[in-house]
Each structure stands twice: as C-alpha cells, then as structure tokens.
Amino acid sequence: MDKLKGVLLGQAVGDALGLGTEFMTREEVHKYYPDGLHDYSQIIQDCHRSRWKKGSWTDDTDMMLCIAESIIKNKGVNLTDIAQNFKRWFLQSPMGIGRHTYRVLSVGDYVEKPQQVAELVWMMSGKKNASNGAIMRTSVVGLLKNDVEKHAADICRLTHADPRCVGSSVIISLVIHSLVYRNEFLSLKELIEIGRRYDERIEPFLEMVQADDLKCLELDKEEDRGYTLKTMAAGLWCVYHARSFEEGLLAIVNEGGDADTNGAVAGSLLGAKYGYKAIPSKYIEGLRGKEVLWKLIKNIKSDDHLE
C-alpha cells in the first residue's frame, strides 16, 4: 500500500510542481527560480500558471483519475466506460488539454468507437503525432494485478494510436507494476525487448537513460518537448539515477519543457520505487484536491483488481 499510494500521490505531486516550469527553457527556469523550483509557493503567476491555484494538478492527473475511477466502478478494465469518462471530462472544458487529445475527444461519435477515431486522427497527422498525452495518465494501469501490458496498450489507443505512444505507455506501466508488486526494476535489456515489440524508435531513448546527465534528453527543446519518448526516458532516468523521491523530481522539473507531464510520469515512478513515506510532507500537505486521491486509495483497498 505504501508503494501504491506513492504512485498515485507521486504522480499528482509531480504534475502540480512541474506546472511551475512547464513550457520554459532551462534558461527561463533559472531566471524565474535562481535557486531552483522546489516548492509550490514559488510558482510564478503568469498568464498560463495563474489559471491554476498553487499546488493544483493539471490534465495529466485528471485523465489518470478517469481511468482509475472506471476500473474501480467496473472492477476491471472497461474501455467504453473509460472513453465515456474521457468524454465527460472533455465536455467540462478542462484546462491544459493537449492538442492531439482535444482533436480526438472532440469527434462526435468518439465514445462509440474511440480507438477507430484515435487512429483516424493519427493518420490525418501523417502518422507523425507521438505526443505524451497517453503516457502521462498510465501510472494507475501499472497497479493492476494482471494483463498490464494488454490493458496499457488498449487504454493508450483510446486516444493515441502511434506505436511509440503505445510502447512507451506499456513500458512505464510494466516498470511501475514490477516496482510495486516485486520491488524490482526491469533491466534495460528487458525494456528494450518490450520496446522492440512496438517501434524501433523506442530503443535509442531507452539507451539514453544510462547517461549520467539528464541534459542529454534536451527536455526543454521546443519542437519536441511533448514527445512521448522523451517523457518516458525522463521518468526512467530518475529511477536509474535519483537517490530519493525529491532529488529525482526536482531534477526533472528544473529542466523545463513539458515539465508537468514529465513530472507526473517521474513522480509516479519514483513513488513506485521509494513509496509514499519518501515523499516530503510539504508536497502532500500543499497538494490541492488530495482528498480525491485519498478517497480513491480507500476504494482501491477493497477492490479485487487493485491492491
């Protein structure tokens, strides 16, 4: 339970703190946070960030909750119900929703055939869109007891058809599952074998995880800052290199780029590795909406599919 709580609360914490540097370059991060961003209270209130209260999570955790609540309600994975939750959330005009996810969920008959709609939108992009809108929400799938790979792939395809999105979502879900249930980290060799089942472009980003310096990922590079493989690599880098939850998360958010999503994925992985008790109390106490997560965790305790 400590690791399960770590995954869910770690995701929300990473999302909320990462908002403070989202869309910034490393130089801008240093300008606004000379000593680094390390607390919600520091988050600047510009036109983007002022839409959220300090300590609030964004669309990343919203969509994770859409999945989690459906799994608990149905005592398992029901893709139609998850798609309905996505659509219901979309109709409430959520802040921060990504362009690709917006395009998919805005289609009128999305709920009736979500995966077909997602594939069509992807094909219309020239099969080039591999954004991180699915990997950001997949942490809870890693908490399932069985068929994690299948469910992670199916849920990803509800909005993101690109095989890079599917493969990276599967990898993050399987790593979380292994850390939570076996307290083991999948080896790089195992991760590469998984990635090869989906797309050859995944392997180079997995190899980058071995680098000593996170800067090699260029997370703040504007033209591909929302790339699913960068987000995957950033999260895995933390698991390999960070000596604590806080050290890993701060390394990620202070790189800028798509920092809320990178933070959400890194936070969930670090929570799976170190557990809830390793998350500094200031991040839990300052997290807005945490009551929703505590209620979710309470329901998970009595669920047959999540423990």
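All of the numbers you see were taken from the coordinates with simple rules; none came from a lab. In this text the structure is predicted, and so the values were computed from the model without any measurement. Please note: Cβ atoms are built from the backbone with ideal geometry, for glycine as well, and neighbour counts cover all protein chains shown.
Taking the conditions (1) over 21 Å from residue 86 (Cβ atoms); (2) assigned to a helix (DSSP H, G or I) in turn, residue 126 satisfies each one other than (2).
For segment 38-58, the criterion of being of a type in the set (Lys, Arg), more than 21 Å from residue 258 (Cβ to Cβ) and either out of contact with any Lys or Arg (no Cβ under 9 Å at 6 or more places or on another chain) or part of a helix (DSSP H, G or I) (or both) is met by no residue.
Yes or no: segment 246-260 includes at least one residue that is within 19 Å of the chain's Cα centre (by Cα), assigned to a loop (DSSP other than H, G, I, E, B) and at positive phi. Spell out the reasoning first.
Start the filter on segment 246-260 by keeping residues that are within 19 Å of the chain's Cα centre (by Cα), which leaves 246-260.
So of that shortlist, the ones also assigned to a loop (DSSP other than H, G, I, E, B) come out as 254-256, 258.
Okay, now just the ones that are also at positive phi, so 256.
For segment 246-260, residues within 19 Å of the chain's Cα centre (by Cα), assigned to a loop (DSSP other than H, G, I, E, B) and at positive phi: present.
Can you tell which of 162, 199 is surrounded by 24 or more Cβ atoms within 10 Å (Cβ to Cβ) and either touching a Phe, Trp or Tyr at 6+ places or on another chain (Cβ under 7 Å) or in contact (Cβ under 8 Å) with a residue 24 or more places away in the chain (or both)? Going through 162, 199 in turn, just one is surrounded by 24 or more Cβ atoms within 10 Å (Cβ to Cβ) and either touching a Phe, Trp or Tyr at 6+ places or on another chain (Cβ under 7 Å) or in contact (Cβ under 8 Å) with a residue 24 or more places away in the chain (or both): 162. In segment 218-227, what residues are under 19 Å from residue 169 (Cβ atoms) and in a helix (DSSP H, G or I)? Selection gives 224 alone. Cβ-Cβ contacts under 6 Å between residues 6 or more apart (or on different chains), taken from a first residue in segment 228-244 that is part of a loop (DSSP other than H, G, I, E, B) to a second residue that is among the hydroxyl-bearing types (Ser, Thr, Tyr), are absent. Please indicate, with yes or no, whether at least one residue in segment 143-156 is closer than 16 Å to residue 226 by Cβ, crowded, with 23+ Cβ neighbours inside 10 Å and not aromatic (Phe, Trp, Tyr). The answer is yes; a qualifying residue exists. For residue 134, the requirement of being within 25 Å of residue 12 (Cβ to Cβ), surrounded by 24 or more Cβ atoms within 10 Å (Cβ to Cβ), aliphatic (A, V, I, L, M) and in contact with a strand residue (DSSP E or B) (Cβ under 9 Å, 6 or more places away or on another chain) is not met.
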